1. Angle between the Cα long axis of helix A:25-44 and the longest principal axis of chain A, 0 to 90 degrees, nearest 10?
2. Looking at chain A as a GNM with Cα springs under 10 Å, which of A:P117, A:P69, A:P193 has the largest mean-square fluctuation?
3. Just to be sure I understand: if you take the accessible area of chain A alone plus chain B alone and subtract the pair, with a 1.4 Å probe, what total do you get in Å², rounded to 100?
4. Leaving ligands, DNA and RNA out of it, report the carbon-plus-sulfur percent of the accessible area of the protein assembly as shown at a 1.4 Å probe.
5. Once the other residues with Cβ under 14 Å from the Cβ of B:N189 are scored (Lys, Arg +1; Asp, Glu -1), what is the net sum?
6. Any residues in region B:65-91 that have 10 Å² or more less accessible area with all protein chains than in their chain alone, probe 1.4 Å, and which are they?
7. Taking region A:1-101, which trypsin sites (Lys or Arg not before Pro) meet the DSSP loop condition and have no more than 15 other C-beta atoms within 10 Å?
8. Given springs between every Cα pair under 10 Å in a Gaussian network model of chain B, which of B:L143, B:L170, B:L185 has the largest fluctuation?
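The values are calculated or read from the model by the stated rules, or taken from the named source; none is laboratory data. No experiment lies behind these values; they were computed from the predicted model shown. Counting neighbours? That spans all protein chains shown, and the Cβs are built from the backbone with ideal geometry, glycine included. SASA here: full protein model, heavy atoms, side chains in, ligands and nucleic acids out. Shrake-Rupley method; radii C 1.70, N 1.55, O 1.52, S 1.80 Å.
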Amino acid sequence: MRSNWAREALAIWRKDLRQEWRLRQGMVAALLMGVATVVGVGFAALGQTLSVGLQAGLFWVAVLFGMFPALARGFIVEEETGTADLLRLAARPVSVFWGKWLFHATLYGLLSAALVPLYALLVAPLGGRWDAWLLLWLGGGFCLTTVLTLCGALVAQTAVRGALLAGLTFPLLLPLLLILIAGTRQALEGAFPAEPLQGVFGYALALSAGGAWVFEKVWRE
Amino acid sequence: MAQWTLACHRLGKRFGERWVFRGLELELGTGARLIVRGANGSGKSTLLRLIAGLLAPTEGRIELRANGRPVPDRTRVIGWCAADAALYRELTGYEHLHWWAQTRGLPSDRPTLMAHLERFELAHRAHEWVRAYSTGMRQRLRLALATYGDPPLLLLDEPDAGLDPSGLKLLQQVLDEQTRCGIALFATNRAECAAWGDLALELGA
């Protein structure tokens, strides 16, 4: 039987899901942070009408806060528990990258399923263009997941994880976050955010081309 | 049957300012069984990790050839077992082997996997989480992973650690079988295992 990278990536994704199902560490941490952020914002904005710009910003900040704890579930745990060597021997780097990416994307999907209704209930109703919302959610999720997967892999290789994590992810996430907020603002106002969507999907294209390549360089010493 | 060759040319590894070894030359062919010996810190594990592709050499190069042709990504065709290699504590022995088989493109049907686990006397505990395994059972599982799919190059870093007499006998069988169609490198300082190799490399000498 011959192996291919997609089958290997799926095997890694299934392994991670099985571990997550048994330990429930990544999802619980992600939900805790995301829900706490939304509830906190909802409490602070109680009885007030938030501007669309603020609504858009707070939505993506809540998603980002929720996704950050999930970062540790990918590569940092593998390095800290010493299982990264097994993973290096088992699959080629591109499969490891996309396998971990799929796992992070699953967490993003689950987190969104919990946060979106909660946000609509506690902070502000998510109105406007639903087609634009969906595209922003898909494109933003792809980029966010790719950046977090890549940064998790880079950070896992070093001893100074905390400082490096912030240093690496900030310049990669900030432009994405600004584009997503601009796009979400337009979607909330009922306009189709063509330019922000172009930016998000262009960013996604660059990340998908470069992410796996950069990962291959850092994954094996 | 492919003729395998492992070649190390002017191999050296440095951590910081300290050279673990330098200028190492090694060439082994199918049927070779090399025992690597040396004091603690002499570089036995480092050598095996370099050959496995888990570390990059500071200088020199390593090549695995099949019928004279270099194998492009040797990391994924070798078998590697180290006493300190971590396993996924919340997966079962069977799930480990199934995952390994799927990522390496090896047969992953249940009868084949169970037969392999049976060979390492793990079949009766195959569906228990690894965290419930004893040290010796974990070592047997590492050996089961390393040998699954008959890798052409088997790297064993102190594989005798934690094994009982039946485990040691099994290890000897593994080495015998490996040298029929591949190459085995075996790092140990255990006196009773010294006779298991037909070649010896003393590091730090």
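1. 20
2. Among A:P117, A:P69, A:P193, the largest GNM mean-square fluctuation belongs to A:P117.
3. Result for this pair: about 2600 Å² buried.
4. Exposed carbon and sulfur together represent 60 percent of the surface.
5. Values: positive: B:R37, B:K44, B:R190; negative: B:D157, B:E158, B:D160, B:E192, B:E202.
Local charge sum for B:N189: -2.
6. Buried by 10 Å² or more upon assembly, which counts only protein chains, are B:D73, B:T75, B:R76, B:W80, B:A86, B:L87, B:Y88, B:E90, B:L91.
7. A:R2, A:R24
8. Comparing B:L143, B:L170, B:L185 in a Gaussian network model of chain B, the most mobile one is B:L170.
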